[in-house]
1. When residues of segment 49-70 are filtered for being part of a loop (DSSP other than H, G, I, E, B) and either surrounded by 15 or more Cβ atoms within 10 Å (Cβ to Cβ) or in contact with a Leu (Cβ under 9 Å, 6 or more places away or on another chain) (or both), how many remain?
2. Given the criterion touching a strand residue (DSSP E or B) at 6+ places or on another chain (Cβ under 8 Å), in a helix (DSSP H, G or I), of a type outside the set (Gly, Ala, Ser) and surrounded by 11 or more Cβ atoms within 10 Å (Cβ to Cβ), identify the matching residue among 73, 39.
3. Which of the residues belonging to segment 100-114 are touching a residue at least 60 places away in the same chain (Cβ under 8 Å) and under 8 Å from the mean Cα position of the chain (by Cα)?
4. Looking at segment 59-99 only, could you name the residues that are small (Gly, Ala, Ser) and touching a residue at least 12 places away in the same chain (Cβ under 8 Å)?
Amino acid sequence: MKENKVVGYIPKLLFRVYLNLKEKFDPTPSPKEEEIFCVEICEKLIENTLSKLTIAPISNKRFIKNDEKDMFVVISDRQISIINHVYSYNVYIESDVLYNKILNNFDKVVEQKRQELEDEIKNNIKHSLKNILTKVSD
């Protein structure tokens, strides 16, 4: 039984050493300021109810269009393009945390809008069926 404890202890110890050395020799870089600003811009546009959010399923691109702010954003392959009729910026997002945060936020809002649309469709169907039932019952 002591052999099982030793066998379990050594892999745990080696894993701790691996994690310690990995962080020393391959540290995760802190996000650059332009990455942070770009993600914040995207978050503000996603939260804005006037923004139109679209996903292209084959290319896996996400689009944000806001006519009020005159902004257009394309999110694809860690690249965020912010476009206006005057300027265009392309920012590569190195930080996994920031990129996943913006994708999850975008997907969550699109899913909420999809659910609202589905609920509206179901309510229309119920209303139509109820009207048909009342006409048939008369």
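Taken together, the values in this text are just the output of simple stated rules run on the coordinates, not laboratory data. Worth saying up front: this structure is predicted, and the values here are computed from it rather than measured. Cβ placement follows ideal geometry from the backbone for every residue including glycine, while neighbour counts extend to all protein chains displayed.
1. Narrowing segment 49-70 to residues part of a loop (DSSP other than H, G, I, E, B): 49-51, 57-60, 67-70.
Applying the additional criterion that residues be either surrounded by 15 or more Cβ atoms within 10 Å (Cβ to Cβ) or in contact with a Leu (Cβ under 9 Å, 6 or more places away or on another chain) (or both) yields 51, 67-69.
Selection size over segment 49-70: 4.
2. On the way: 73 fails: in a helix (DSSP H, G or I).
Criteria check complete, one pass: 39.
3. Filtering segment 100-114 down to residues touching a residue at least 60 places away in the same chain (Cβ under 8 Å) leaves 101-102, 105-106, 109, 113.
Passing the criteria: 101, 102, 105, 106.
4. Initial filter on segment 59-99 (small (Gly, Ala, Ser)): 59, 76, 81, 88, 95.
If the condition is that a residue be small (Gly, Ala, Ser) and touching a residue at least 12 places away in the same chain (Cβ under 8 Å), then 59, 76, 95 are the ones that fit.
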